[in-house]
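*Asks:* Below is a structure I'd like to ask you about.
The values are calculated or read from the model by the stated rules, or taken from the named source; none is laboratory data. Please read these numbers as outputs of a predicted model, since none were measured by experiment. Here the Cβ is made from the backbone with ideal geometry for all residues, glycine too, and neighbour counts use every protein chain on show. The area values use the complete protein model at the heavy-atom level, side chains included, leaving out ligands, DNA and RNA. Shrake-Rupley method; radii C 1.70, N 1.55, O 1.52, S 1.80 Å.
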Amino acid sequence: MKGLVWIVGAGPGDPDLITVKGLRLLSEAHLVVYAGSLINRELLHRCPEGCEVLDSSKMTLAEQVRVMADRALKGLNVVRLHTGDPSLYGAIGEQIRELKALGVECRIVPGVSSLQGAAAALGIEYTVPGGTQTLVCTRLPGRTPVPSKEDLRVYASTGATLALFLSSDMGDEISRLCMEGGLPGDTPAAWVYRATWPDQRVGTAKLRELGQRMKAEHVNRQALIIVGRCVEESGTSLLYDPRFSHMYRKAHDEGPEGGMG
């Protein structure tokens, strides 16, 4: 299709975690613009011979948009390869607006986020049966501000599982705000550095010790931080309880008409 750019989620690091559709689009691409050191370069080996491959970390937004629009409007296959899933801190909105203004359509292919990669590395589920059923994805303000209503203390007060992106160097601040929000200092916390990459590292700590432990491990970038009981707890889901029925299975103690026997 003429005038089309595919925005593809590459996954968190392991090249096998890209979707089948994303891999197919890479194999058919004439131009791939990829997110610098955040993308596993093994994925670029899936590009066909002669494919133009550009590192976006060395380009301004205007340069990226210009080259993608130029190739797309010529009818070439264009892939913008993002780390993780483009919908989470992917900064894709501005790209889409600029490309749309030039007559170029964008379509998004979802990817596995570091959110899922970190849970796999820790061997946890964020929503614990019998416990919290809510996951909050947020960040602390840095060069990019965070709306004042999204103060971490507010989220901490709910007791929900907290996943903090782009805040690896602010462990002490995370601890302080979460405890000011009402979480006990012994609340379990964890970090996953470069989830699913070969050099992945995982660590756990009590909330009050989070910053200190991360500094001791020299973790100050490319890590996802998890705060919540899910780091240590697991529960028993009702889904597989023999007394729990759904459209595919009757409860074991139901009578022949579906009522209680």
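*Asks:* Does Gly93 qualify as being in a helix (DSSP H, G or I), open to solvent by less than 70 Å² (accessible area, probe 1.4 Å) and either touching a residue at least 12 places away in the same chain (Cβ under 8 Å) or not polar (S, T, N, Q) (or both)?
*Replies:* For Gly93, the condition - in a helix (DSSP H, G or I), open to solvent by less than 70 Å² (accessible area, probe 1.4 Å) and either touching a residue at least 12 places away in the same chain (Cβ under 8 Å) or not polar (S, T, N, Q) (or both) - is met.
*Asks:* Would you be able to tell me the number of residues in segment 178-198 that are of a type outside the set (A, V, I, L, M, F, W, C), under 18 Å from Gly117 (Cα atoms) and touching a strand residue (DSSP E or B) at 6+ places or on another chain (Cβ under 8 Å)?
*Replies:* The number of residues fulfilling the criteria is 3.
*Asks:* Continuing with this model, one more query. Suppose we keep only residues that are open to solvent by 20 Å² or more (accessible area, probe 1.4 Å) and in contact with a Pro (Cβ under 9 Å, 6 or more places away or on another chain) within segment 96-131. Which one would you say is farthest from Gln64 (Cα to Cα)?
*Replies:* Gln116
*Asks:* Another question about this same structure. Can you tell me how many residues in segment 157-176 are more than 17 Å from Arg229 (Cβ to Cβ), assigned to a helix (DSSP H, G or I) and open to solvent by less than 40 Å² (accessible area, probe 1.4 Å)?
*Replies:* Selection size over segment 157-176: 1.
*Asks:* From the list Gln95, Gln64, Gln116, exactly one residue is among the polar types (S, T, N, Q), at pLDDT 95 or above and touching a Ser or Thr at 6+ places or on another chain (Cβ under 7 Å). Which is it?
*Replies:* Answer to the selection: Gln64.
*Asks:* Test Val154 against the stated conditions and say whether it is open to solvent by 40 Å² or more (accessible area, probe 1.4 Å), more than 30 Å from Ile39 (Cβ to Cβ) and in contact (Cβ under 8 Å) with a residue 24 or more places away in the chain.
*Replies:* So Val154 passes the test.
*Asks:* Within segment 49-67, can one find any residue that is part of a loop (DSSP other than H, G, I, E, B), touching a strand residue (DSSP E or B) at 6+ places or on another chain (Cβ under 8 Å) and more than 27 Å from Ala189 (Cα to Cα)?
*Replies:* Yes: one or more hits.
*Asks:* Here is a follow-up. Of the residues that sit in segment 43-90 and are under 18 Å from Glu105 (Cβ atoms) and polar (S, T, N, Q), which one is surrounded by the fewest Cβ atoms within 10 Å (Cβ to Cβ)?
*Replies:* Ranking the candidates gives Ser87 first.
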